[in-house]
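> The following block contains the structure, expressed as structure tokens.
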Amino acid sequence: MATKRLPIKQAALKIQKLRTSIKYHEKKYYVDNDPQISDYEFDQLVKELEKLEKQFPELITPESPTQRVGEQPVAGFKSVEHRTPMLSLDNCYTVEELREFEERVKRIIPGQKIEYVAELKIDGLGISTIYRDEKYFQAVSRGDGFRGDDVSQNVKTIRSFPLIINNPHEIEVRGEVYLPFQSFQKINEERAKMGEPVFANPRNAAAGSLRLLDPKEVASRHLDVFLYSIFIDGKEQESQWKNLKTLRELGFKTNPSSRQCSNLKQVISFWEEWREKRESLDYDVDGVVVKVDSTKQQRLLGSTAKFPRWSISFKFPARQATTKIKDIAVQVGRTGALTPVAILEPVKLSGITITRSTLHNEDEIKRKDIRVGDYVLIERSGDVIPKVVSVMKERRTKKEKKFSFPSKCPVCHSSTFRPEGEAISRCTNPSCPAKLKESLLHFAWRRAMNIEGLGVALVDQLLEKKLVENIPDLYSLKLEDLANLERMGQKSSQNLLDEIERSKQRDVSRLIYALGIRYVGERTAQALADYFKDIDSLAKASLEELIQIEDVGPKVGESIVFFFKQPENIELIKKLKKAGLNFSSMKEEKKGDRPLAGQIFVLTGKLSSLSREDAAEIIEDLGGTVSNSVSSKTTYVVVGDTPGGKLERAQKLGIPTLEEREFLKLIKKD
């Protein structure tokens with residue numbers, strides 16, 4: 001029976017709704033690394049849109065999600081064009097769909113014998129790496145399939161990547177960067193301990209790690225890689241199986257489970273085998289990549305605008321289980337974010353006993369109508385904490401209880417605040433025990449109050465011994481308090497006390513930043529200090545007055561007003577004032593030492609003589625402003641090694657640039 005064709009107006013509305021939904025979930029998955037639906041659910045949205053656009057080709061637009069390949073390159077890295085596109089793969093979920101793939105192949109190249117290579121589909125991040133003159137030269141992320149980010153320094157930290165190969169030709173290898181489960185678990189344990197949000201799954205953790213700006217931190221994540229294709233002087237081998245063999249011969253890491261299959265039946269057997277065995281792996285796989293083996297046949301088959309016709313991803317079923325919600329708890333994170341977590345009856349899933357599941361936020365609980373006592377379907381794809389896919393409402397007994405989100409912080413019982421347009425409520429108390437550790441570290445950071453020596457290990461001890469229960473307690477510490485702590489002798493204790501004492505004289509802009517007011521960064525803190533001159537005036541400011549200041553919009557202004565209205569924060573300010581901290585701007589006293597006043601600088605590339613952070617601090621100390629983006633208001637762009645797109649933009653706008661030597665001369669460091 002034929003499907004009834006929708007009226008074009010109704011179809012247009014449905015198409016727009018699907019595009020909006022897909023765009024949202026693409027951003028959550030690829031940009032924010034915070035997926036809100038499963039891969040299967042996302043694929044169904046795309047398939048539905050493709051079906052409608054096929055029926056109504058006149059409604060297809062260049063901006064439609066079906067007209068592009070994948071994720072956008074991330075800002076902050078140099079953008080590089082791929083020599084040949086890194087296309088994404090079409091997906092199938094059943095044996096019948098896989099057979100349809102083979103039928104399409106046979107229609108294009110009839111009468112030819114088709115052999116395949118089956119490879120486990122690693123849930124990671126696509127990468128292309130170039131070797132020149134037998135040496136590692138460049139690595140570029142997949143990006144949108146046509147352009148990616150230059151992540152050479154970060155990929156270089158992956159120890160399974162050889163830095164020298166025994167082949168004088170130009171070599172390009174492609175593969176998938178991934179995070180082993182063991183590393184993933186360790187990273188999330190550390191993030192949870194620090195009060196930071198955990199990564200949703202190893203793929204998101206790998207993507208987040210590869211985008212870090214500090215290669216040392218990337219190295220600590222212990223990323224790994226499997227390579228699957230090789231181009232020698234732009235040419236592939238005669239078959240995919242030969243590609244893998246050549247890669248191994250040159251010392252590259254390939255997946256040992258890959259298999260050459262003489263027919264589709266063997267491919268299906270491989271898929272069935274690994275559907276059962278995937279739990280034994282130390283990395284996440286979500287299916288099998290099926291490739292026509294012959295490179296000649298691949299060329300004959302070609303590609304659509306989005307997918308190669310000679311390859312398809314045969315997905316595994318999602319890992320799911322049914323269990324009961326025993327209770328709903330609310331956790332408080334580093335920024336004071338209140339996150340609901342379902343406490344579950346223990347259930348085995350992917351070889352792990354699951355007892356907790358994230359519920360994301362209050363709106364998610366209401367949207368899915370999740371209640372204590374409900375039976376729920378949970379899903380896990382390498383996640384430390386799985387998610388609730390759906391509620392089994394037909395199993396309700398009328399004993400289930402609706403959950404009321406707390407209006408007070410469950411840890412310190414202070415009031416909470418949910419900004420308009422946001423889904424997350426936050427504790428307003430900066431001294432909340434759940435927030436205190438990170439608040440102390442932020443307060444002591446060198447760009448804030450610059451208390452050298454007050455690091456993570458020492459803060460942990462101060463909190464454990466209850467020597468510090470709020471930020472002002474730092475200014476009441478005594479020598480005997482510190483000298484009895486682990487690795488803290490008389491000398492180091494006195495040094496720390498001296499640092500704490502010196503911090504009292506920091507400029508008020510640093511104190512404003514150190515308070516941790518939401519949305520108030522260093523630049524905004526400086527603007528507030530310039531305008532109000534002292535903390536007391538800032539604390540009394542109205543929203544109308546605040547939004548007159550550059551860098552302060554309604555959202556930031558509301559956050560500032562709210563901060564200074566909270567009793568806990570009023571008490572915090574009183575205690576800091578009593579401790580003798582500087583509450584007034586010292587800028588007037590330093591007028592003669594501010595030769596860069598009114599000038600805006602943008603930094604790009606790596607400087608050899610000092611870090612970008614140090615350079616920014618010097619500029620600001622001399623009265624200048626550091627911006628992250630180039631505009632017509634920019635005074636200079638300071639250019640180091642391997643500059644990014646900011647240099648190109650500066651050249652287009654005619655903004656003057658300074659090489660490192662010129663910059664050092666300007667700040668009188670040369």
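The values are calculated or read from the model by the stated rules, or taken from the named source; none is laboratory data. The structure presented is a predicted model; accordingly, all values stated were derived computationally and were not measured. Cβ coordinates were reconstructed from backbone atoms using ideal geometry, including for glycine residues, and neighbour counts include every protein chain displayed.
> Would you mind finding the one in Leu653, Leu647 that is among the hydrophobic types (A, V, I, L, M, F, W, C), under 14 Å from Thr604 (Cβ atoms) and under 26 Å from the mean Cα position of the chain (by Cα)?
Details: Leu653 fails: under 26 Å from the mean Cα position of the chain (by Cα).
Going through Leu653, Leu647 in turn, just one is among the hydrophobic types (A, V, I, L, M, F, W, C), under 14 Å from Thr604 (Cβ atoms) and under 26 Å from the mean Cα position of the chain (by Cα): Leu647.
> Report yes if some residue within region 1-20 is at pLDDT below 80 and surrounded by 16 or more Cβ atoms within 10 Å (Cβ to Cβ); otherwise report no.
no
> Does Ser209 count as buried (at least 22 other Cβ atoms within 10 Å of the Cβ), outside any strand (DSSP E or B) and in contact with a Lys or Arg (Cβ under 7 Å, 6 or more places away or on another chain)? I'd like the intermediate steps shown before the answer.
Numbers: buried (at least 22 other Cβ atoms within 10 Å of the Cβ): yes; outside any strand (DSSP E or B): yes; in contact with a Lys or Arg (Cβ under 7 Å, 6 or more places away or on another chain): yes.
It is true that Ser209 is buried (at least 22 other Cβ atoms within 10 Å of the Cβ), outside any strand (DSSP E or B) and in contact with a Lys or Arg (Cβ under 7 Å, 6 or more places away or on another chain).
> Here's a check for you: in region 419-438, which residue that is assigned to a loop (DSSP other than H, G, I, E, B) and surrounded by 19 or more Cβ atoms within 10 Å (Cβ to Cβ) is modelled with the highest pLDDT?
Pass one, region 419-438, residues assigned to a loop (DSSP other than H, G, I, E, B): 419-425, 428-432.
Among the residues that remain, those that are also surrounded by 19 or more Cβ atoms within 10 Å (Cβ to Cβ) are: 425, 428-432.
Values: Ser425: 90, Thr428: 82, Asn429: 83, Pro430: 69, Ser431: 72, Cys432: 82.
So, considering only residues that are assigned to a loop (DSSP other than H, G, I, E, B) and surrounded by 19 or more Cβ atoms within 10 Å (Cβ to Cβ), the one modelled with the highest pLDDT is Ser425.
> If you don't mind, another one. For residues that are modelled with pLDDT of 95 or more and not polar (S, T, N, Q), tally how many sit in region 283-295. So that I can check it myself, show each step before the final result.
To start, the set of residues in region 283-295 that are modelled with pLDDT of 95 or more comprises 288-295.
Now drop any that are not not polar (S, T, N, Q), which leaves 288-293.
Residues meeting the conditions: 6.
> Moving to a separate point now. Only one of Leu479, Leu467 is surrounded by 14 or more Cβ atoms within 10 Å (Cβ to Cβ) and in contact (Cβ under 8 Å) with a residue 12 or more places away in the chain; which?
On the way: Leu479 fails: surrounded by 14 or more Cβ atoms within 10 Å (Cβ to Cβ).
So the residue among Leu479, Leu467 that is surrounded by 14 or more Cβ atoms within 10 Å (Cβ to Cβ) and in contact (Cβ under 8 Å) with a residue 12 or more places away in the chain is Leu467.
> Then there is this: What about Gly287, is it within 30 Å of Ser390 (Cβ to Cβ) and assigned by TED's automatic domain parsing to the domain that holds Lys235? Even if it seems obvious, please write down each step before you answer.
On the way: within 30 Å of Ser390 (Cβ to Cβ): yes; assigned by TED's automatic domain parsing to the domain that holds Lys235: yes.
Spelling it out, Gly287 is indeed within 30 Å of Ser390 (Cβ to Cβ) and assigned by TED's automatic domain parsing to the domain that holds Lys235.
> Just one of the numbered conditions (1) at pLDDT below 90; (2) of a type in the set (A, V, I, L, M, F, W, C); (3) buried (at least 18 other Cβ atoms within 10 Å of the Cβ) is not true of Ala305; which one?
For Ala305, the exception is condition (3).
> If you don't mind, there's one more thing I want to ask. Just checking, how many residues over region 82-136 are of a type outside the set (Gly, Ala, Ser) and assigned to a strand (DSSP E or B)? Spell out how you get there, then give the answer.
Within region 82-136, the subset of a type outside the set (Gly, Ala, Ser) is 82-87, 89-110, 112-117, 119-123, 125, 127, 129-136.
With the extra rule that they be assigned to a strand (DSSP E or B), the set shrinks to 91-92, 116-117, 119-122, 125, 127, 129-132, 135-136.
Looking only at that region, the number is 16.
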